[in-house]
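Following: one structure in C-alpha cells, then a few remarks.
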Amino acid sequence: MKMENKTENDSRQRILCPVRGGKSSAPTVDKAIELAQTLSAPLYLLYIVDLDFLGLATVARVKIMADELAETGEFTLHVLAEKARNRGVSEVECVVREGEMTQVIREVADEINATVVLLGQAVRAPGTMQREDSHMQKIVDSLEAAGMEVITP
C-alpha cells in the first residue's frame, strides 16, 4: 500500500509509530497517542510484515504467510487507530508494508516526512523475533541522522 505524499506543504509535526501489535506494544502506542494529542499531529501506525524468519520455506508458503500476516496487521492497526480516535486523535493513518524492518521504517518515515518516530523495546519472549540492541541502535541512528526525533518509551 503506497501512500500519497500529503505532507509536501504541511509543516506540522508527524508521528510514526511502528508496532508489532502485542501487549508489549501498548506503552509505545499509548505514548504515540499522547504525543499526537499534545502536538495536534497526525499519527501514522505502521505494521511490518518481515518474513526473514522463514528462511528456506517454499515460495507458496511464504506468500500465504505474508498475506495472513498482512491481514493480521491491518486488523491490529485498525483497532489501535480506533483507540487513538476515541482518545481524541483526529488524524490516524494505518500503513502495512512488507520488507526488512529497518528499511521499511526509514522508507515510511521519509514518505510521510515524519518528525517523530516512536520505537518500542525489543521483546524477549519465546516465539518472538528478537533483534539485537545494536540493530535497534542502527535504526535510531539512521532516523536521527535524517533529522527525526526518536522516542523509545
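Screening Glu91 on (1) within 30 Å of Arg12 (Cβ to Cβ); (2) modelled with pLDDT under 90; (3) of a type in the set (Asp, Glu) shows it passes everything except condition (2). Which pairs do you get when a residue that is at pLDDT below 85, found in the stretch 16-27, comes within reach of a residue that is crowded, with 17+ Cβ neighbours inside 10 Å and not in a helix (DSSP H, G or I), reach meaning Cβ atoms under 7 angstrom, with the pair 6+ apart or on two chains? These pairs meet every condition: Gly21/Tyr47.
Of note, Arg61 does not satisfy the criterion of being surrounded by fewer than 16 Cβ atoms within 10 Å (Cβ to Cβ) and either touching a Lys or Arg at 6+ places or on another chain (Cβ under 6 Å) or at pLDDT 95 or above (or both).
Any idea which of Leu143, Leu118 is of a type in the set (A, V, I, L, M, F, W, C), modelled with pLDDT under 95, buried (at least 16 other Cβ atoms within 10 Å of the Cβ) and out of contact with any His (no Cβ under 7 Å at 6 or more places or on another chain)? Walk me through how you get there before you give the answer.
Numbers: Leu118 fails: modelled with pLDDT under 95.
None of the others qualify; the one that does is Leu143.
Looking at (1) under 16 Å from Pro18 (Cα atoms); (2) at pLDDT 95 or above; (3) part of a loop (DSSP other than H, G, I, E, B), can you tell me which one Val123 breaks? It is condition (2) that Val123 fails.
What residue, of Glu34, Glu74, Glu68, is more than 19 Å from Ile151 (Cβ to Cβ), at pLDDT 95 or above, in a helix (DSSP H, G or I) and of a type in the set (D, E, K, R)? Spell out how you get there, then give the answer.
Working: Glu34 fails: more than 19 Å from Ile151 (Cβ to Cβ); Glu68 fails: at pLDDT 95 or above.
Just a single option satisfies the conditions, and that option is Glu74.
From the residues in the stretch 77-113 that are part of a helix (DSSP H, G or I) and of a type in the set (Asp, Glu), which one is surrounded by the most Cβ atoms within 10 Å (Cβ to Cβ)? I'd like the intermediate steps shown before the answer.
Here is the first cut: in the stretch 77-113, the ones part of a helix (DSSP H, G or I) are 77-86, 101-112.
Retained after the next criterion (residues that are of a type in the set (Asp, Glu)): 82, 107, 110-111.
Details: Glu82: 11, Glu107: 13, Asp110: 13, Glu111: 17.
For the stretch 77-113, the residue satisfying everything is Glu111.
The values are calculated or read from the model by the stated rules, or taken from the named source; none is laboratory data. Treat the numbers as computed from the prediction; the structure is a model and nothing was measured. Neighbour counts are summed over all protein chains in view; Cβ atoms, including those assigned to glycine, are modelled from backbone coordinates with ideal geometry.
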